[in-house]
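Scroll down for the structure; my scribbles are underneath it.
The values are calculated or read from the model by the stated rules, or taken from the named source; none is laboratory data. Everything numeric here is computed off the predicted structure, so don't read it as measured data. All Cβ positions, even for glycine, are placed from backbone atoms using ideal geometry, and neighbour counts span all protein chains on display.
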């Protein structure tokens, strides 16, 4: 398979055997390749939503952890609203993060 888009990885077609309702069925990876190619053509925000959905499907929610993060988020929001902390523009945060990790 030739890669006419060097900025995107090549997904090699393979054959996957699976059993559906006790009858063997052979599916090619080409259908999955098409899904991946279509997803890669989407804007970054939509790809992020797809990636998030797929990653969430691997991990079951943990209500204890979710409750703790909710408490943290509420506390931070209250700190912002009260003026206890000052917001930092996202551009500045990302600039500092890129500088830190570029080292």
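What residue, of 39, 48, is in contact with a helix residue (DSSP H, G or I) (Cβ under 6 Å, 6 or more places away or on another chain) and not in a loop (DSSP other than H, G, I, E, B)?
39
Conditions (1) outside the structural domain of residue 36 (by TED's automatic domain parsing); (2) closer than 30 Å to residue 39 by Cβ; (3) at pLDDT below 90; (4) within 22 Å of the chain's Cα centre (by Cα), marked per residue:
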| residue | (1), (2), (3), (4) |
| --- | --- |
| 55 | no, yes, yes, yes |
| 66 | yes, yes, yes, yes |
| 71 | yes, no, no, no |
| 76 | yes, no, no, no |
| 80 | yes, no, no, no |
| 84 | yes, no, no, no |
| 93 | yes, yes, no, yes |
| 97 | yes, yes, no, yes |
